[in-house]
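The values are calculated or read from the model by the stated rules, or taken from the named source; none is laboratory data. Since the model is a prediction, treat every value here as computed from it, not as a measurement. Cβ sites come from the backbone with ideal geometry, for glycine too, and all protein chains shown count toward neighbours. For the accessible areas, the whole protein counts, side chains as well, though only heavy atoms, and no ligand, DNA or RNA atoms are used. Shrake-Rupley method; radii C 1.70, N 1.55, O 1.52, S 1.80 Å.
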Amino acid sequence: MADEPLVLGIETSCDETGVGVVRGTTLLADAVASSVDEHARFGGVVPEVASRAHLEAMVPTIERALKDAGVSARDLDGIAVTAGPGLAGALLVGVSAAKAYAYALGKPLYGVNHLASHICVDQLEHGPLPEPTMALLVSGGHSSLLLSSDITSDVRPLGATIDDAAGEAFDKIARVLNLGFPGGPVIDRYAKEGDPTAIAFPRGLTGPRDPAYDFSFSGLKTSVARWIEARRAAGEEVPVRDVSASFQEAVVDVLTRKAVRACRDEGVDHLMIGGGVAANSRLRALAAERCEQAGIQLRVPRPKLCTDNGAMVAALGAEMVARGRAASDWDLSADSSLPVTETHVPGHSHGSAHGHDHVHEVGKGNLYS
Amino acid sequence: MLLLALDTATPAVTVALHDGSDVVASSSQVDARRHGELLLPAVDRVLAEAGTRIDAVTAVAVGMGPGPYTGLRVGLMTADTFGLALGVPVYGVCTLDALAYAAEDIEGAFVVATDARRKEVYWARYDDTRTRVTEPAVDRPADIADAVAGLPAVGAGALLYPDTFPRAYGPEHVSAAALAALAVERLAAGVELDPPRPLYLRRPDAQVPKNYKVVTPK
Ligand SMILES: [Zn+2]
């Protein structure tokens, strides 16, 4: 529909330069330039390398997104950008571009939260988000369970990793197995040919007294590394496929178990899964199985929308416009540790009902049933 | 013509507007940690002061550094994106050249040196305010003492290291007014200006920080 907001979104919180264009909840373009190959030899994302790549890729990626979308910059209703959380220097490149673009075009600017964008992107795949929405976000940077009654104003963290993010654990185990970086896709591939029950790796934070919705992958990582080293020390061959499958099973078992439990506890009958690890085939399959058993509807965007991209930022920006949320000011800054509760960064001049205050009181249990 | 000039390669966030014959408005603020926040409001102020709007701008000139990367990129990214949105050319100017151009009181050869942090300076030698004779470089002051011996020097890098630069003068930081004037002079003379590319001069630190991406609030 032509009266839905047309928004361009810019994402630079890590190593992908993403520019997306959406109209309302319709995806028009999703252009991504990645510097992942430049990081591979370091076994992780090097912030300065990522920032340099963002600066080089930005203008061509904006041009490509507009061309793919078949729209003119003049017709945009707003420019959205990831204001945080993420790598400080990388975020700053995107924020600088978005501000200059919005200012020069005379369009409103929306600095938005990266995590809320990961949730909102599902609107492009499955239509408007149910309210409330339960979201499991898993990537190299985040592993959290979030409950949102309105993606533009209310995101409540139920739990998060207390040490490594799930994606980091994949990267580290891939490194121990000499499979390269990033670890997620290659472990997924090997695991398909392995036995997930071959080795009983520990499930972190699943004891009766452990926090119900928090995650821990550090113990698992150490346990897998020790198991591999013991094999090597004994001069035995490491069964890469079985290790991959058993490790992956331990991660996705905990993730899906806790997500389903959160839905039950909060009386939410659907679950969305986002972030780069949501591209993992076993996570998708196990989540589908367990949600089906529990009578929960599962929403997982296609893999390309799960990893970092500009379309997710545009999706949240469009929702901000549609709901009349305040635009950001020209002094918008990048905030590497922007709390997930701050879904966007409204300008001072507009008066703000945001910050850490919530419209909904937390801590009363089944608020949304 | 209406040329918008900006530079974020030194601790100064500096913006100026030049109409082809004069600088019509300018702003300079020194705050090395807030380039990203300060630049756009400064552009807005300078345009308002000149009584014009961004769509009247016909060219953009930007300092390419060398300078600390995070701040440097703010200016370059902003200039690039202005160019894209407005459909106007974006020219790069070496930040040291703009500092040299402002050093009108110095006769003869001199050195420009800015603070590169990590006990180093970004520097270059000039025969006069318009003529650079060495490529911009980054070095420890003690290592270039011979190369700059006897020469007066301008910039914060010179003022910081009096052992190497005993005859150090201001201006400390670059001003976009000087950068704009230099760009306009070069354009008028038919000199081809550089494309806007960052002069990093150092390779990136290839260090993956521990827990580099754990950003989710606990
Ligand atoms: Zn992400």
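Of the residues making up region A:28-40, those that are out of contact with any Gly (no Cβ under 7 Å at 6 or more places or on another chain), surrounded by fewer than 22 Cβ atoms within 10 Å (Cβ to Cβ) and either in contact (Cβ under 8 Å) with a residue 60 or more places away in the chain or away from every other protein chain (no Cβ under 12 Å) (or both) number 5.
Exactly one residue out of A:PHE247, A:PHE201 is farther than 30 Å from A:PRO132 by Cα and out of contact with any Asp or Glu (no Cβ under 9 Å at 6 or more places or on another chain), and it is A:PHE247. When region A:121-155 is filtered for residues that are within 10 Å of the chain's Cα centre (by Cα) and not in a strand (DSSP E or B), the ones remaining, listed by number, are A:VAL121, A:SER139, A:GLY140, A:GLY141, A:HIS142.
On inspection, A:PRO47 passes the criterion of being within 16 Å of the ligand (Cβ to nearest atom), open to solvent by 20 Å² or more (accessible area, probe 1.4 Å), within 8 Å of chain B (Cβ to nearest Cβ) and touching a Leu at 6+ places or on another chain (Cβ under 7 Å).
Being within 16 Å of the ligand (Cβ to nearest atom), charged (D, E, K, R) and modelled with pLDDT of 95 or more: is that true of A:ASP154 here? Before you say what the answer is, go through the steps one by one.
Working: within 16 Å of the ligand (Cβ to nearest atom): no; charged (D, E, K, R): yes; modelled with pLDDT of 95 or more: yes.
No; evaluated as a whole, the condition is false for this residue.
In the set (1) away from chain B (no Cβ under 14 Å); (2) more than 11 Å from A:VAL121 (Cα to Cα); (3) within 15 Å of the ligand (Cβ to nearest atom), the condition left unmet by A:VAL251 is number (3). Within region A:141-170, being open to solvent by less than 20 Å² (accessible area, probe 1.4 Å) and more than 30 Å from A:GLY324 (Cβ to Cβ) holds for A:GLY141, A:SER143, A:GLY159, A:ALA160, A:THR161, A:ASP164, A:ALA165, A:ALA166, A:GLY167, A:GLU168, A:ALA169, A:PHE170.
When A:ALA174, A:ALA169 are screened for being under 12 Å from A:VAL277 (Cβ atoms), in a helix (DSSP H, G or I) and either away from the ligand (no atom under 16 Å from the Cβ) or touching a helix residue (DSSP H, G or I) at 6+ places or on another chain (Cβ under 7 Å) (or both), only A:ALA169 passes.
Tell me which helices (runs of 4 or more DSSP H) are completely within region A:274-336 and hold 2 or more residues being open to solvent by 40 Å² or more (accessible area, probe 1.4 Å) and under 20 Å from A:ILE187 (Cα atoms), or say none if there are none. Explain how you work it out, then say what you get.
Values: elements: A:281-294, A:303-306, A:310-322.
Counting at least 2 such residues, we get A:281-294, A:303-306.
Filtered by the rule that a residue be more than 8 Å from chain A (Cβ to nearest Cβ) and either open to solvent by 10 Å² or more (accessible area, probe 1.4 Å) or touching a helix residue (DSSP H, G or I) at 6+ places or on another chain (Cβ under 6 Å) (or both), region B:68-82 gives B:PRO68, B:GLY71. When region B:36-67 is examined, which residues are found to be more than 8 Å from chain A (Cβ to nearest Cβ) and within 26 Å of B:ALA116 (Cα to Cα)? Result: B:ALA42, B:VAL60, B:ALA61, B:VAL62, B:GLY63, B:MET64, B:GLY65, B:PRO66, B:GLY67.
Just one of A:ASP15, A:ASP3 is of a type in the set (D, E, K, R), more than 15 Å from the ligand (Cβ to nearest atom) and either surrounded by 17 or more Cβ atoms within 10 Å (Cβ to Cβ) or away from chain B (no Cβ under 14 Å) (or both); which is it?
Working: A:ASP15 fails: more than 15 Å from the ligand (Cβ to nearest atom).
Checking each option against the conditions leaves just A:ASP3.
Residues of region B:119-138 being free of Cβ contacts under 8 Å to residues at least 60 places away in the same chain and within 12 Å of B:GLY157 (Cβ to Cβ), which ones? First the steps, then the outcome.
Taking region B:119-138 first, the residues free of Cβ contacts under 8 Å to residues at least 60 places away in the same chain are B:119-121, B:123-135.
Scanning region B:119-138 gives B:LYS119, B:GLU120, B:VAL121, B:TRP123, B:ALA124.
Among residues of region A:115-139 being within 16 Å of the ligand (Cβ to nearest atom) and over 18 Å from A:VAL313 (Cβ atoms), the one that is farthest from the other protein chains (Cβ to nearest Cβ) is A:LEU136. Could you check region A:72-93 and list, in sequence order, the residues that are in a helix (DSSP H, G or I), within 11 Å of chain B (Cβ to nearest Cβ) and open to solvent by 10 Å² or more (accessible area, probe 1.4 Å)? A:ALA73, A:ARG74, A:ALA88, A:GLY89, A:LEU92 - these are the residues of region A:72-93 that are in a helix (DSSP H, G or I), within 11 Å of chain B (Cβ to nearest Cβ) and open to solvent by 10 Å² or more (accessible area, probe 1.4 Å).
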